[in-house]
Amino acid sequence: MQRLDPWHGRCELRFEHRQTEHGDAGTVHQGGCSAPFKLLRAEQGNNGRCELPILHTAGGLVGGDQLSIALDLKTNSRCLITSVAAQKVYGSIGRSRLYPEGQWARQQVHCTLAKSSDLEWLPQELVLYANALYEQHLTVQLPADASFLSAEIVRLGRTAAGETLQQGRWRSALSICRRSDEPHQADRWEMVDRLDLGGDALNDQHGLNKQPVFGSLVWAAPMPLNGDALAQLLELVRSDREGLEGTLRCSALDQGLVARYAGPSSRDARFWFSRIWARTRALRALSAPQIPRVWPLQEQPLPPSSFITNTAWPAIRTH
């Protein structure tokens with residue numbers, strides 16, 4: 001599938017924490033977008049968090065399409081950005097006489113966070129059809145006391161229809177940089193991650209080993225975790241894998257954690273990431289997350305509050 005005139009959709013949003021004469025008004029947003037993006041009505045979640053769904057109205061991406069998103073969080077603002085539906089990327093290899101090798105669909109997301117801000121970037125599943133080419137760049141700049149959580153799930157081929165990615169490819173570049181508040185101190189890279197899934201990497205035992213679903217969660221925490229606290233957090237996150245199918249691994253960042261999923265089930269990836277999401281909230285004494293209203297889920301992926309508030313959790317301390 002190839003359009004003669006590819007889309008270049010843009011979305012620019014700014015989030016601010018507001019105080020009024022009547023008290024805390026939570027986080028509000030300003031900005032706008034161009035087709036095929038459309039903003040749905042924002043809701044005020046717990047802890048003053050602005051929860052904003054973004055709709056992609058074109059029904060999917062084809063070769064040559066580009067999406068650009070810029071998120072600017074001011075001091076003390078909190079927001080959750082999600083998508084209204086799974087994003088589809090259609091195959092372009094061999095579909096055009098002009099571009100027989102296919103064209104890439106691309107997305108760039110740039111996030112700038114100010115002091116004590118909190119961004120949860122939680123798009124719904126990305127589905128690559130056979131022979132789709134998709135590249136994404138996610139760049140985050142934040143100070144030491146800001147929080148950034150990102151979770152994504154990618155399905156490589158419509159496996160329910162017996163389809164694989166074939167000659168398609170998925171590329172991802174993630175960069176998280178901590179800005180220094182001190183004039184003579186250099187900025188610090190929290191994470192620089194490059195992934196390229198396609199060809200032999202889809203089947204090799206050191207790659208996806210023929211598994212159709214890949215997931216990645218990253219949390220850049222707003223505070224340092226001492227050795228005992230970090231070890232306890234990782235132990236709890238690993239225990240959250242119980243009952244889930246696939247290969248699930250997690251490890252520490254300088255100030256946070258990263259989790260990976262490779263397996264057959266988008267559901268199981270979503271369940272594990274949702275449990276980690278809840279733990280990151282509980283660790284900061286924030287309200288437990290709630291599933292956004294636009295997620296069309298048949299099962300509840302979030303654990304009950306008693307699952308997170310267990311006897312081991314009070315051992316977590318931050319310094």
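The values are calculated or read from the model by the stated rules, or taken from the named source; none is laboratory data. Keep in mind it's a predicted model, so treat the numbers as computed, not measured. Reconstructed Cβ throughout: ideal geometry from the backbone, glycine too, with neighbour counts over all protein chains shown.
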Flag for residue 39 being buried (at least 18 other Cβ atoms within 10 Å of the Cβ) and of a type outside the set (Gly, Ala, Ser): no
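This table checks each residue for (1) part of a strand (DSSP E or B); (2) closer than 21 Å to residue 85 by Cα.
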residue	(1), (2)
24	yes, no
35	no, yes
38	yes, yes
47	no, no
51	yes, yes
54	yes, yes
68	yes, yes
Matching entry among 190, 152 (being closer than 17 Å to residue 263 by Cα, among the acidic types (Asp, Glu), surrounded by 16 or more Cβ atoms within 10 Å (Cβ to Cβ) and modelled with pLDDT of 95 or more): 152
Filter result for the condition that a residue is assigned to a loop (DSSP other than H, G, I, E, B) and in contact (Cβ under 8 Å) with a residue 24 or more places away in the chain, over 149, 138, 165, 142: 165
So residue 92, is it of a type in the set (S, T, N, Q) and over 26 Å from residue 164 (Cα atoms): no
Members of the stretch 187-207 that are without any contact (Cβ under 8 Å) to a residue 40 or more places away in the chain, farther than 22 Å from residue 252 by Cα and outside any strand (DSSP E or B): 199, 200, 201, 203, 204, 205
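The rows are residues; the columns are (1) within 15 Å of the chain's Cα centre (by Cα); (2) within 27 Å of residue 5 (Cα to Cα); (3) at pLDDT 95 or above.
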| residue | (1), (2), (3) |
| --- | --- |
| 90 | no, yes, yes |
| 111 | yes, no, yes |
| 123 | yes, yes, yes |
| 133 | no, yes, yes |
| 143 | no, no, yes |
| 172 | yes, yes, yes |
| 176 | yes, no, yes |
Selection from the stretch 260-302 of residues that are in contact with a Lys or Arg (Cβ under 7 Å, 6 or more places away or on another chain) and surrounded by 20 or more Cβ atoms within 10 Å (Cβ to Cβ): 266, 272, 289
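Residues are listed down the side, and each one gets a yes or a no for (1) of a type outside the set (A, V, I, L, M); (2) out of contact with any Asp or Glu (no Cβ under 9 Å at 6 or more places or on another chain); (3) at pLDDT below 95; (4) outside any strand (DSSP E or B):
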position: 252; (1), (2), (3), (4): no, yes, no, no
position: 260; (1), (2), (3), (4): yes, yes, no, no
position: 276; (1), (2), (3), (4): no, no, no, yes
position: 287; (1), (2), (3), (4): yes, yes, yes, yes
position: 292; (1), (2), (3), (4): yes, no, yes, yes
position: 303; (1), (2), (3), (4): yes, no, yes, yes
Qualifying positions in the stretch 89-109 - surrounded by fewer than 20 Cβ atoms within 10 Å (Cβ to Cβ) and of a type in the set (Gly, Ala, Ser): 94, 96
Residue check, residue 270 out of contact with any Ser or Thr (no Cβ under 7 Å at 6 or more places or on another chain), in a helix (DSSP H, G or I) and of a type in the set (Lys, Arg): yes
